[in-house]
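The values are calculated or read from the model by the stated rules, or taken from the named source; none is laboratory data. None of the values given here were measured: they were computed from a predicted structure. Cβ placement follows ideal geometry from the backbone for every residue including glycine, while neighbour counts extend to all protein chains displayed. All accessible areas refer to the heavy atoms of the entire protein, side chains included, with ligands and DNA or RNA removed. Shrake-Rupley method; radii C 1.70, N 1.55, O 1.52, S 1.80 Å.
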Amino acid sequence: MKLLTTRVAPEWVDYNGHMNDAEYARVFSLAVDTLMERIGLDAEGRERQAYTLFTLETHLCYRREAHQGQALAVEVRLLDRDAKRLHVFFTMSDEAGETLATSEQMLMGIDTASHRPAPFPSGVADAIDTLPQAEAGAWPAAAGRRIGIPRQDIPEH
């Protein structure tokens, strides 16, 4: 599901001549805002339901450079969920459909009155059910990664 389209703003470009790493995170954050709107948690919905989403964890992978003025599109896929958490995977692509970056995120539903985790309100839960979901065993290749330096066993001489 395409959530967001935008262009690389001049102020997002760094000394290397491409979009700064922090700006990729900004675009994915804007995509979360759009996702919230799609599931009924726009400003009015957050106020009326006393409910919001917090980002608990994010794993951003950079694949290709984005340059000033370049069109960007962000899509979302639901990897998993429970009563109060969403495990989502965002893909940022260029006009040709080439992947520029991915962001895997864990989002938590929060009761804003208590500032504590809480189950999704029924209308929000129903809207979540309409999100495109990855089939079990068919997650994107970049999902579920961990950061680390792969080591080869080096035989002793």
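Couple of notes before you dig in:
- Residues D14 and A83, FRET efficiency given R0 of 35 Å [Cβ-Cβ distance, rounded to 0.05]: 0.30
- Computed Rg/Rh of the chain, alpha carbon atoms with Kirkwood Rh: 1.04
- Dividing the summed helix terms, -39500 (n - 2.57) for each DSSP H run of n ≥ 4, by the number of residues in the chain produces a 222 nm estimate of -6000 deg cm²/dmol to the nearest 500.
- Relative contact order for the chain, counting Cα pairs under 8 Å that sit 6 or more residues apart, in percent: 25 percent
- Three principal axis lengths of region 1-58 [C-alpha, angstrom, descending]: 44, 22, 20
- Per residue accessible area in Å² of region 81-127, where ligands, DNA and RNA are left out and the probe is 1.4 Å: 44 Å²
- Between the Cα long axis of helix 21-38 and the first principal axis of the chain there is an angle of about 30°, rounded to the nearest 10.
- The relative contact order of region 92-157 comes to 19 percent, based on Cα pairs under 8 Å that sit 6 or more residues apart.
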